[in-house]
Structure formats: structure tokens, C-alpha cells
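Take a look at the structure below.
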């Protein structure tokens, strides 16, 4: 199965067009965050989401933690998918599913240890997929993504095996380690921001190298 590729921290229509042309399956659009790279105004998120053609998906990264505020953020920006970056109360996750059954919902799990697997049954009934990242939501200034750090891929691999839902892998991915990430974790998809950027801008050469490396790893698994 081909590993899907989501390019996050898209900053403009031009970056969206470049990522789509390179072969991205999904684009990440970062709303207001307590820390980390890539936030853009909701008006820009809405502009990009409106121009992206199917079958490419648009993910709104929201730091809102209640169903009503997440739904309102999605209503204002009109993505195809909402990516909830905080470990919200599962009751709010259930309420969001009832409020917006039409909206694809992805729950971020910040992998700080094996206890991440305990979160699977809390959220799986209410979302369509998980995304494993390397944030520290309990830090004094919460880190909810965009850290550029890899986490323990052994935990991620165990999470993928245990999850009844598709799982995206994020955190410190780049053209040099993407092959190993695919071989070790076997995620449904990969998500990255800083690994395909230079000076804060989307780097076409790094993006092409990343996608080429991912496709090589997919081919090796399929024929190995």
C-alpha cells in the first residue's frame, strides 16, 4: 500500500500548489498555536482550503479543545479534515462527531512513552484517524507539534499495530530517515513540516527527495 504524504505548515496558495504538484496527498494548515512554526491567519487557511482540488485533503490544525470551538474553527476555514492537536476530553471528541458528522476528524497523540497506546480506546470511537507526533502538551509552554523531533518509533510501531484506525506518523521526518520510518513503523501516512523547508520556505528539492525516498521504501516493502 502506498504511504500517504501530508505536507504541513503550508503558508500560501503558492506553497499549496507546489506541494500538490510534487505529489502530496494532503496539506496541513496551522491555526493559532501556543508555540511552534507555521501558524497562518484563518482567512489564509480558508483561501487555501477553497482552492485545493480533490482528491487532495486539507487538514486544519486547531488548538481548540471544546467541540463547539473546534466546529466553529472548521466552519470559518472550511477544510476537509480537522486535526485536533491537544489531548482533548474524549467527551468533547464524541460531541464533535455529533456536531459535525460530515467533517473528517484526526486526533493527534503526542508520544512521550508507551502510555500513548492507552489513548487509542479513548478516541477511536469518535475519529477517523490518529496522528502520532512529538509534542509535549504538559510543558510550561505547551508544544503541540512542529517540534522537528523524532520520538520512539518502537512505540509508534506498536501503536500502529494496535490501532483500528489509520495512523499518520509525524516528528522529525526528512529525506534521510523516511525510508527507515516506513520500514519500522508501517504508518498509513507521513506528516512533515521542517524536513522539507529551508529558511522557513518550502524547498522543492527537499520535497522531491522526500517523496522519492518514500516511494522507494514503499516499493521495497511491496517487493521485498
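FYI, it's all coordinate maths here, none of it is from the lab. Being a predicted model, the structure only gives us computed values, none of them experimental. Ideal geometry is used to build each Cβ from the backbone, glycine not excepted, and the neighbour counts take in all protein chains shown.
Odds and ends about this structure:
- Pairwise label distance in nanometres, residue 44 with residue 205, each label 7 Å out on the Cα-Cβ vector: 2.5
- R0 of 30 Å, Cβ-Cβ distance residue 152-residue 122: FRET efficiency to nearest 0.05: 0.90
- FRET efficiency for residue 212 and residue 14, using Cβ-Cβ distance with R0 set to 30 Å, rounded to 0.05: 0.85
- Of 56, 30, 178, the residue with the greatest mean-square motion in the GNM of the chain, using alpha carbon springs below 10 Å, is 56.
- Among 150, 118, 11: highest mean-square fluctuation, GNM of the chain, C-alpha pairs under 10 Å: 118
- Helix-only CD estimate at 222 nm, as mean residue ellipticity for the chain, using -39500 (n - 2.57) per DSSP H run (n ≥ 4): -11000 deg cm²/dmol
- The chain, relative contact order in percent, only Cα pairs under 8 angstrom and at least six apart counted: 19
- For segment 4-223, the share of DSSP beta bridges that are antiparallel, to the nearest 5, is 10%.
- As a rough guide to protection, the peptides 101-110, 81-90 ranked by mean Cβ packing within 10 Å, highest first, stand as 81-90, 101-110.
- Full extension of the chain segment joining residue 72 with residue 198 gains 42.0 nm, where the gain is 0.36 nm per residue of separation less the Cα-Cα distance.
- Length released on extending from residue 32 to residue 177, taking residue separation times 0.36 nm less the Cα-Cα span: 49.3 nm
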